[in-house]
Amino acid sequence: MGPNGSGAPPSERLPDEDAIEAIRDLLPAVEEGRDFDDWGRSEAFVSRVEPLLDFYYRHWFRVEVEGIGNVPSEGGALLVSNHSGALPPDAPMVMQAIRNEHPNPRALYMLVEHWFKGYPGVSMLAARMGLVPAHPENAQRLLHDEGRLAIVFPEGQKGSRKLAWQKYRLRRFGRGGFVRTAARADVPIVPVAVIGAEESMPIFAHFRALEKLTGLIYFPLTPTFPHFGLAAALMYLPAKFKICFMEPIRPEDFPAGLRGDPAAVQELAEEVRSRIQTRLDLEVGARRSVWTG
Amino acid sequence: MEQSPDVAPRRILVTGLSTFWGGRVAQLLESDPRIEAVVGVDPDSPSRELDRTEFVRVGPEHTAIERIIRAARIDTVVDTRMTLDLGRIGRTAAHENNVIGTLNLLAACSAGDSPVRRVVFRSSGLFYGCSRSDPGYFTESDRPPDRHPTAAGRDLLEAEAAVAAFRSRMPGVSVIVLRFADVLGTEVDSTMVRFLSLPVIPSITGFDPRLQFVDQEDAVHALGHAVSKAPSGTFNIAADGVLVLSEAASLIGRRLAPLIPPIGTGASISTLRRFGLPLSEELSGQLRYGRAMDNRAFKGTGFHFRFTSREAVLGLRNHLILDPVIRGARSPYRYEPEVEEFLRRSPLVEATHGDSSTAGS
């Protein structure tokens, strides 16, 4: 405990887990008539931008969805997806796939690095869309306590800053944090393979100096950026999308003693990664054209 | 969870009696017939009418407390004294009260044969600071920032560290630390209340932070609960529900003016403060990153919040609408030592309470 410790148990509170379990149900009730939920997500706002998302979903990317039934209708579940494109379109398209195709179109929370909270405008809009900083406590509350649907992109920035010729080669899946998250929350992992996002906003080069100067997480050269400025954020190439929701890996199928065993965590993370990679290879091999599928 | 106190509190010392916190908790405690005596201390006179609470004026460093504790056989100390709203009181005065006062008070409670068995310490969510990497809900085990960005925060960390040290030094004393979210209500005069009462609410361009509140009635009852029922430990006190600033503003019926620049925010805020706007260094962090706390641990001790964050804001709105109407009808309470003395000691005054240990022994 630090010098400022309060006498409360230190942050790794395994012995206390029973007590935590006991108070899990003391969650606040949902208040009617609000435009926001307690995470700052706004269903009203999502509905307002839905026409734009739906335009991209139906007409621009002509998204094809497979295995929507693998997304549980209730209870917590952690979707794990590949990630690409300078301003990754995969997250909103997966969200839209669930809204459009799923029998129980639930809110999807996107667990992402907390950098977005620092940028004016982005911070506000992102939270309204359902972005939540990928803090272990946030993941636990969302998935375990509140039983919600969340998606993570374990490649993180390593995925979205990938250059055009590295497409469909999954980056390292972090240190397997998402496996620990799912195991602690006791929720299934649903691997998701997104095909098409790689081609929708390819990056040809990074300008490190401008990156430093602007304080952006990266400053890429894409078909439309930087010459079209911020408008480039909406200028995707019309690649044909396919989103495959794969067979979930249920908590009962996690290896025993997973949480205390870094090797087993790494192994399961690798397993998820290779399932997504295999599916990507299969789908990319089978498609005849990037633009028509 | 641990059990309730082995010894029911009988004789209570309340610090910060002149404030909303001390005054209201003293009123709550003195209305409980099981409590024998309530003694309140403060450098200033009480601002609320008290029935049987005895007031003792002390210096801001709270040095004379040990004698009072011993003489009145105090078993429970409710320390509401922390001043974290530096808008009103200078930094040095605040430090004197917050840090030196806490050290002296705890020293008074830890004397060899001290009768004190329970200490309730009022802290604040300010403890956790505000940053980009914060969790959506702070839990009690979360650590504060290594170097707290605000002066009041640094005071608070020093005080909480002293309380933590006291806790480990005095295993026989229950120590309850309550970290409060921003309290809203008719009687609260804080930077946050004055900020939300502005005709147009300024915010930082491009940020709509998550904020959480607690209604003043819940805040007072939380202290009461800590006195009689809560187990030793640290608890967040925040109502259910987290609002975003724009939502809070529209509930109050105010327009949001997102005009504080996101770069150079600190300088703009101190300039605006110089023009008299209710803004502070502490508020500036909240306006950018927001803050919310997990309240489930305290609920787990059996406490029930009567109002949500949203209802607390609506309560403030009703107050803002009604206040101009009823302000004239209320005559503010003024502390008159002779009158209080007469009411408490004179044989002519009939005791209104069954328990008259304070009235003419």
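At-a-glance table
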read-out: Among residues of region B:36-65, those that are open to solvent by 40 Å² or more (accessible area, probe 1.4 Å) and either aliphatic (A, V, I, L, M) or in contact with a His (Cβ under 6 Å, 6 or more places away or on another chain) (or both), counted; value: 2
read-out: Checking A:A107 against (1) open to solvent by 10 Å² or more (accessible area, probe 1.4 Å); (2) within 14 Å of chain B (Cβ to nearest Cβ), the condition it does not meet; value: (2)
read-out: Scan of region B:145-161 for residues that are open to solvent by 20 Å² or more (accessible area, probe 1.4 Å), touching a residue at least 12 places away in the same chain (Cβ under 8 Å) and within 10 Å of chain A (Cβ to nearest Cβ), ordered by number; value: B:P145, B:E158
read-out: Residue tally, condition under 21 Å from the mean Cα position of the chain (by Cα) and among the acidic types (D, E), over region A:249-293; value: 5
read-out: Residue within region A:244-252 that is surrounded by fewer than 20 Cβ atoms within 10 Å (Cβ to Cβ) and assigned to a helix (DSSP H, G or I) present; value: yes
read-out: Residue match in region A:125-140 (condition: on the phi > 0 side of the Ramachandran plot and of a type in the set (D, E, K, R)); value: no
read-out: Close pairs from region A:27-43: first at the interface with chain B (Cβ under 7 Å from one of its Cβ atoms), partner open to solvent by 30 Å² or more (accessible area, probe 1.4 Å) and among the small types (G, A, S), Cβ under 6 Å, at least 6 apart; value: A:D35/A:A44
read-out: Residue match in region A:153-166 (condition: assigned to a loop (DSSP other than H, G, I, E, B), over 14 Å from the mean Cα position of the chain (by Cα) and crowded, with 17+ Cβ neighbours inside 10 Å); value: yes
read-out: Meets criteria (touching a strand residue (DSSP E or B) at 6+ places or on another chain (Cβ under 8 Å), touching a residue at least 40 places away in the same chain (Cβ under 8 Å) and open to solvent by 20 Å² or more (accessible area, probe 1.4 Å)) for A:N70; value: yes
read-out: Hits in region B:111-128 - residues which are more than 10 Å from every other protein chain (Cβ to nearest Cβ), open to solvent by less than 10 Å² (accessible area, probe 1.4 Å) and either within 13 Å of B:A292 (Cβ to Cβ) or part of a helix (DSSP H, G or I) (or both); value: B:G125, B:Y128
read-out: Residue within region A:46-66 that is under 21 Å from A:M110 (Cα atoms), open to solvent by less than 20 Å² (accessible area, probe 1.4 Å), modelled with pLDDT of 95 or more and part of a strand (DSSP E or B) present; value: no
read-out: Matching residues, region A:129-156, being aliphatic (A, V, I, L, M) and within 9 Å of another protein chain (Cβ to nearest Cβ); value: A:V132, A:L142
read-out: Given (1) touching a residue at least 24 places away in the same chain (Cβ under 8 Å); (2) under 13 Å from the mean Cα position of the chain (by Cα); (3) within 14 Å of another protein chain (Cβ to nearest Cβ), index of the condition A:A126 fails; value: (1)
read-out: Filter result for A:E271 (part of a loop (DSSP other than H, G, I, E, B), open to solvent by 60 Å² or more (accessible area, probe 1.4 Å) and acidic (D, E)); value: no
read-out: Enumeration of residues in region B:45-74 that are within 21 Å of B:L103 (Cβ to Cβ), acidic (D, E) and either part of a loop (DSSP other than H, G, I, E, B) or at pLDDT 95 or above (or both); value: B:E61
read-out: Count - residues of region B:174-211 that are buried (at least 21 other Cβ atoms within 10 Å of the Cβ), among the aliphatic types (A, V, I, L, M) and assigned to a strand (DSSP E or B); value: 8
read-out: Odd one out for A:G76, checked against (1) away from every other protein chain (no Cβ under 14 Å); (2) open to solvent by 30 Å² or more (accessible area, probe 1.4 Å); (3) of a type outside the set (F, W, Y); (4) over 14 Å from the mean Cα position of the chain (by Cα); value: (2)
read-out: Whichever residue in region A:143-152 is outside any strand (DSSP E or B) and open to solvent by 10 Å² or more (accessible area, probe 1.4 Å) and, among such residues, is nearest to A:P202 (Cα to Cα); value: A:R148
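Yes/no matrix, rows are residues, columns are (1) at pLDDT 90 or above; (2) open to solvent by 30 Å² or more (accessible area, probe 1.4 Å):
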{"residue": "A:V179", "(1), (2)": "yes, no"}
{"residue": "A:P191", "(1), (2)": "yes, no"}
{"residue": "A:E198", "(1), (2)": "no, no"}
{"residue": "A:P202", "(1), (2)": "no, no"}
{"residue": "A:R208", "(1), (2)": "no, yes"}
{"residue": "A:L216", "(1), (2)": "no, yes"}
{"residue": "A:H227", "(1), (2)": "no, yes"}
{"residue": "A:A231", "(1), (2)": "no, yes"}
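The values are calculated or read from the model by the stated rules, or taken from the named source; none is laboratory data. No experiment lies behind these values; they were computed from the predicted model shown. Cβ: placed from backbone, ideal geometry, glycine included. Neighbour counts: every protein chain shown. Just the protein is used for accessible areas: all its heavy atoms, side chains included, with ligands, DNA and RNA removed. Shrake-Rupley method; radii C 1.70, N 1.55, O 1.52, S 1.80 Å.
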